[in-house]
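The values are calculated or read from the model by the stated rules, or taken from the named source; none is laboratory data. Nothing here was measured: the structure is a model prediction, and the numbers come from that model. Virtual Cβ from ideal backbone geometry, glycine too; neighbours counted across all protein chains shown.
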Amino acid sequence: MLVHFHESRVLPCRVALLGVTVWSVSKARLLPSRHRPGACARDATWQRADALAALQEAVAVGLEHSITPEDLVITAYRCHPFAVMRGGTVTGVLSELLGRQDGMSHGKGGSMHIFTPNFFGGNGIVGAQVPVGAGLAFALKYKGKAASAFALYGDGASNQGQVFESFNMAKLWDLPIVFVCENNKYGMGTSAERSSANTEYFTRGDKIPGIQANGMDIVATSQAVKYAREWTIAGKGPLLLEFVTYRYGGHSMSDPGTTYRTREEVQRMRSTQDPIRGLQRNLEEWGVATEAELKAIDKEAKATVDKSVEEAKASAFPKEVDLWTDIYYKGTAPPFMRGREREEVHHY
């Protein structure tokens, strides 16, 4: 359970768990695919449930439990656990996946565009959230706030030019940002070894130091984030943080996830590295909770998700007039807006 620091330094992890953590990590199995395997793929109702975070829950939960509400987070499309823990609800996420009014983006954002006041998405363009994250950090520094920005991206986005440009500007201005690479080893379907000359993503920041941690271990993720946040708050500038993790399913619902890796590999990772099961084993071994207590928490989390599924299905679809809302920031909309055709005009 070691966290490696670029330049050969090592950061030891201390065990620091709160009881609420196991509830959070259980609830992070948000969608039917995690607590009812295969349900998403079989049920056309859930075809919107794209790019799930199954087996990557430890990253979101460990991060959230080591930062404050004043810190800002932005990520790519595996955003569902972050959205819930950053002020959203399971019902709000599931309703958004179904395109319903009760969704966190009122049914207009879909799986990839879910936001809260301190969570900036959910972004569908590969790597595009990284420079936006640098902008969030610039805003924090400009306003003199003692907070950090966390910009998450995957190994598949790591070779984007805009990522390196963000690194450069963040270091030039010593912005309080942690660039977090969730390395699940296969990007959208290509192994890291085939796409990247340097697969040690935490070393790719040039003048920015980096940390590599076990993204399947919630204690490691929590402690790595805690260290990274303290680094940026102390005015030391940006930091790279790589979480070595793994995704259970394919990249999206259209990807079976077995054309570029074997079923045996997936099953081995799920049976030996599952962050939820690993946390449960540790809590039992450390005497924090009994097996019966953990099963009760897991049952409660499943019941919460099942209830939210029914609430989401019962939610209404957006009204046609809603197509004209949320285009501009409130109070800045023009007098009218043209639609798909010249004759289609909406007056505000």
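Structural remarks
So that you can scan it fast, the table gives a plain yes or no per residue for (1) touching a strand residue (DSSP E or B) at 6+ places or on another chain (Cβ under 9 Å); (2) over 19 Å from E64 (Cβ atoms); (3) not acidic (D, E):
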position: A147; (1), (2), (3): yes, no, yes
position: A157; (1), (2), (3): yes, yes, yes
position: P176; (1), (2), (3): yes, no, yes
position: S196; (1), (2), (3): no, yes, yes
position: Y227; (1), (2), (3): yes, no, yes
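- All positions within the stretch 126-160 that are among the hydroxyl-bearing types (S, T, Y) and closer than 17 Å to F202 by Cα: Y153, S158
- In the condition set (1) surrounded by fewer than 24 Cβ atoms within 10 Å (Cβ to Cβ); (2) in contact with a helix residue (DSSP H, G or I) (Cβ under 8 Å, 6 or more places away or on another chain); (3) modelled with pLDDT of 95 or more; (4) in a helix (DSSP H, G or I), S66 is compliant with all but (4).
- Any hit, the stretch 113-125, residues being surrounded by fewer than 18 Cβ atoms within 10 Å (Cβ to Cβ), out of contact with any Gly (no Cβ under 7 Å at 6 or more places or on another chain), touching a residue at least 60 places away in the same chain (Cβ under 8 Å) and closer than 29 Å to A316 by Cβ: no
- Close Cβ contacts (under 9 Å, 6 or more residues apart or on different chains) running from residues in the stretch 269-280 that are within 8 Å of M216 (Cβ to Cβ) to residues that are hydroxyl-bearing (S, T, Y) and surrounded by fewer than 18 Cβ atoms within 10 Å (Cβ to Cβ) comprise G278/T272.
- Scanning the stretch 240-284 for residues that are closer than 19 Å to V61 by Cβ and of a type in the set (D, E, K, R) yields E242, R247, R270, D274, R277, R281, E284.
- Conditions (1) under 19 Å from the mean Cα position of the chain (by Cα); (2) modelled with pLDDT of 95 or more; (3) among the polar types (S, T, N, Q); number of the one not met by N184: (2)
- Output for the stretch 323-345, where each listed residue is part of a loop (DSSP other than H, G, I, E, B), surrounded by 10 or more Cβ atoms within 10 Å (Cβ to Cβ) and among the charged types (D, E, K, R): D326
- Odd one out for K207, checked against (1) at pLDDT 95 or above; (2) touching a helix residue (DSSP H, G or I) at 6+ places or on another chain (Cβ under 7 Å); (3) under 22 Å from R78 (Cβ atoms): (3)
- For the stretch 200-236, the set of residues classified as within 21 Å of the chain's Cα centre (by Cα), among the polar types (S, T, N, Q) and farther than 18 Å from A137 by Cα consists of Q212, N214, T221, S222, Q223, listed by residue number.
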